[in-house]
């Protein structure tokens, strides 16, 4: 009898251990690395000519997506969509980007990946470029721009000695270290949680590209003594590694962490440090891409050293396409094309503006060396992480996210068959299957034909492309395929009006967006 009882207890214990192991697998550490202005084909594993061994190693150990999209072709709106699972144009920012002094964009009470994971016992941290707004103390009688980059006359309108409110700590992050916006925007100083680490008492700017005296400078403004823009990438890499090391013991003990690591590179100012200058043999942008790859490698190496790799989900991607500041002609001379076979670049509604590299590594859950053509949008990340940790998203959370966990686990295609894209000037495009409809005659951004140009005025008001046959978006089929135009326009109108693009109850849409102008109705 005693022997039988012992056997039963051992069997029950083995089941308990198995359930515990399963629970640990279901709650991995989560690391999201977001490059800044890295083109779809800048990494060599996507066909580029720049050496990126660490990004390539990540892809070889996981799944590389070839049809992944940022919800916008510029910085701020993409970050909003990534963290909230909601398209940016449902917020009050419907074109352009915020400045470094703009107040918080994420609405009070709105779920983010960080706030969701905190509910499931995660420690959460953001290290890097925020660019989603935070509330500075504005001097009496002064103002700062809310939904635009602040002009020169506003850059000293803030009392930088006062604590910041409504920053990353207010939307679910336990800790924050980084910079308020892009590294070509003020203030030039690091922020830790709710304070600057050094008062920006100087008035300086930085060259837009290393070694190019005639290349212009960043916006001049408040700068901390000793602050050097070239130090930002290595500093963020070091801080991220220190965070992982500091949380390692707790993570190994079953208390996972979430690290959101939005680098400020290879966005302007393009300033690789001395040990990376000239490494690519191409130009400073390519050198900076290589240094960004090194920074990715430092984070992966720390996961290895802390024995956390096996239970850490890593996502690597970029916020939008490559900027023309990279000097496309110089890159092309070496056979390198940041957008690969796709048309356009950062800011554009064309594929080069929003089709981005997207790699997922999760040992034991995602098979190594896989490639997926599944359509994915950044708004899907929150839904995917929610499914992993068993979080049921209420109707008012993650309205535009569809989990791609089945794709990661090789259990079938994902649920997304359409995606809405948005350009810097608020131009909409909608894609379903191979068909893509652009609600404008132009690029919606910075490439030709530019909005308002004579060339654009002479073109049809809509563009329809079959990406399966025409990935470079060269043959406009809007006249030949009126049924597709009608169907896609109707779908876009429906998704905008319903306030969500996933199954669920109709949501309020903050004034409803006019899909032709990209602005709220009534403006």
How much length would be gained if the chain were fully extended between residue 273 and residue 161, taking 0.36 nm per residue of separation minus their Cα-Cα distance, in nm to one decimal?
37.3 nm
At what distance in angstrom do the alpha carbon centres of region 360-382 and region 398-423 lie from each other?
10
Can you compute the helix-only [θ] at 222 nm over the chain? Use -39500 (n - 2.57) per DSSP H run of at least 4 residues, normalise by all residues, nearest 500 deg cm²/dmol.
-8000 deg cm²/dmol
Based on the Cβ-Cβ distance of residue 197 and residue 450, what FRET efficiency does E = 1/(1 + (r/R0)^6) give at R0 = 41 Å, to the nearest 0.05?
0.55
If region 27-413 were replaced by its equivalent ellipsoid, with semi-axes equal to the square roots of 5 times the Cα gyration tensor eigenvalues, what would those be, largest first, whole Å?
29, 26, 20
Consider all pairwise Cα distances in region 420-498 and report the whole-number % of them above 20 Å.
28
What ranking do 492-503, 347-358 get when scored by the average of other Cβ atoms within 10 Å per residue, highest first?
347-358, 492-503
On a full-extension model of 0.36 nm per residue, what is the gain between residue 307 and residue 146, subtracting their alpha-carbon distance, rounded to one decimal in nm?
53.6 nm
For a paramagnetic label modelled at 7 Å from the Cα of residue 57 toward its Cβ, which residues of region 271-307 fall within the zone defined by backbone nitrogen distances under 15 Å?
291-307
Extending each Cα 7 Å along its Cβ direction at residue 457 and residue 249, get the distance between those two points in nm, one decimal.
7.0
For region 238-313, rounded, prolate or oblate, judged on the Cα gyration tensor with a ≥ b ≥ c (square roots of eigenvalues), a/c < 1.5 rounded, else prolate if a/b > b/c?
prolate
Kindly identify region 168-300 as rounded, prolate or oblate by the Cα gyration tensor criterion: order the square roots of the eigenvalues as a ≥ b ≥ c, call it rounded if a/c is under 1.5, otherwise compare a/b with b/c, prolate if a/b is larger, else oblate.
oblate
Specify whether the C-alpha gyration tensor of region 224-362 places it in the rounded, prolate or oblate class, a ≥ b ≥ c being the square roots of the eigenvalues: rounded for a/c under 1.5, otherwise prolate if a/b is larger than b/c and oblate if not.
prolate
Label model pair residue 373, residue 298: point-to-point distance (7 angstrom along the Cα→beta-carbon line) in nm is 3.9
For region 290-399, diffusion coefficient by Stokes-Einstein and Kirkwood Rh (Cα), 4 °C, 1.567 mPa s, µm²/s:
78
Measure out, as a whole number of angstrom, how far apart the alpha-carbon centroids of region 308-337 and region 146-217 sit.
24
Take the alpha carbon atoms of region 244-283, find their center, do the same for region 94-144, and report the distance between the two centers in whole angstrom.
21
For labels at residue 66 and residue 330 in the simple 7 Å Cα→Cβ model, what's the distance in nm?
3.1
So, relative contact order of the chain in percent, Cα under 8 Å, 6 or more apart, is 21
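Every read-out reported here was derived from the displayed coordinates using simple, explicitly stated rules and does not represent laboratory data. Predicted model only: the values in this text are computed from it and were never measured. Please note: Cβ atoms are built from the backbone with ideal geometry, for glycine as well, and neighbour counts cover all protein chains shown.
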